[in-house]
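Structure first, commentary second.
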Amino acid sequence: MAPPRSFLWSRRVFLTLLTGFVLVPVYVMISSSLKPLADVTGEFRWLPTELTIRPYIDIWSTVPLGRYFVNSLIVAGAATVCSVVIAVFSAYAVSRYDFRGKRVFTVTVLSTQMFPGILFLLPLFLIYVNIGNATGIALFGSRGGLILTYLTFSLPFSIWMLIGYFDSVPRDLDEAAMVDGCGPLGALFRVVVPAAVPGIVAVAVYAFMTAWGEVLFASVMTNDTTRTLAVGLQGYSTLNDVYWNQIMAASLVVSVPVVAGFLLLQRYLVAGLTAGAVK
């Protein structure tokens, strides 16, 4: 039965408004990044009177954006890889084996998502400083310390999500692989992991986006050498002026890896997030 005409028009109007709500800020960012600073700080105009690509050139010299970009890639990439690898082994063990404390472990992992991140800021800071004083291992102000920090947020969710996805993979596949001579690890890497690619991709995208755009811990746990992009963008605001056109240009450049990765992995991400909804 076809829906009534009023419903169709209401849906079109709602989707049009929603599209405008999403695209208007993007247009303002793009247009502002192509304007001279005087035009951006002056009266706002929807159509730029002068177009220039100078802000995209100046963003690399106003602040060391290239170094911040490398730091973000290293930290986000390492946090993603570690999160996926640890989550795969942990989720497989919980999904396929029964052991004492299994339910407690699962509930504990999920309950960590209930607490706000700022609650862990001071404890992690004190732990890193004390470890550095006692052992000489510099976690505070280093990329390694920031990677460990991001694992505390992405890893619990990654484990919980992959547990549900591995549960949806039939155990008959594991048994068939073991009959053919595979051990538990062989069944994991040859059967379960290929069947769980969408879920693993969804976990990887989540871990990368969490580390890429995080500001609070990156502003405290880093220094001038290890600063990431999310914090480095503050460098375009000085005591004398705010380079709004360069901020907009840098924000667009920073968002390119995330947007490109999301578009490339979109079909895996959607399949991974909806896994287990229908069985």
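The values are calculated or read from the model by the stated rules, or taken from the named source; none is laboratory data. What you see is a predicted model; the values in this text were computed from it and never measured. Because the Cβ atoms are built from the backbone with ideal geometry, glycine has one as well, and the counts that use them run over all protein chains shown. Just so you know, the surface numbers come from the protein's heavy atoms only, side chains and all, with ligands and any DNA or RNA stripped out. Shrake-Rupley method; radii C 1.70, N 1.55, O 1.52, S 1.80 Å.
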Tell me yes or no: at least one residue of the stretch 69-77 is under 20 Å from VAL256 (Cα atoms), part of a helix (DSSP H, G or I), touching a Lys or Arg at 6+ places or on another chain (Cβ under 6 Å) and open to solvent by less than 40 Å² (accessible area, probe 1.4 Å).
yes
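Could you please let me know if VAL201 is closer than 30 Å to VAL215 by Cβ and touching a Gly at 6+ places or on another chain (Cβ under 7 Å)? Break it down stepwise before answering.
Working: closer than 30 Å to VAL215 by Cβ: yes; touching a Gly at 6+ places or on another chain (Cβ under 7 Å): yes.
Spelling it out, VAL201 is indeed closer than 30 Å to VAL215 by Cβ and touching a Gly at 6+ places or on another chain (Cβ under 7 Å).
Are any residues in the stretch 109-135 open to solvent by less than 70 Å² (accessible area, probe 1.4 Å), out of contact with any Leu (no Cβ under 7 Å at 6 or more places or on another chain) and modelled with pLDDT under 85, and if so, which ones?
Within the stretch 109-135, VAL109, SER111, THR112 meet the criteria.
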Of (1) open to solvent by less than 60 Å² (accessible area, probe 1.4 Å); (2) touching a helix residue (DSSP H, G or I) at 6+ places or on another chain (Cβ under 9 Å), ALA260 satisfies every one except (2)
Residue pairs meeting the criteria (Cβ under 7 Å; at least 6 apart or on separate chains; first among the basic types (Lys, Arg), in the stretch 17-41; second open to solvent by less than 50 Å² (accessible area, probe 1.4 Å)):
LYS35/PRO48; LYS35/ASN245
Candidate set: the stretch 6-64, residues that are basic (Lys, Arg) and not in a helix (DSSP H, G or I); chosen: the one most open to solvent (accessible area, probe 1.4 Å):
ARG45
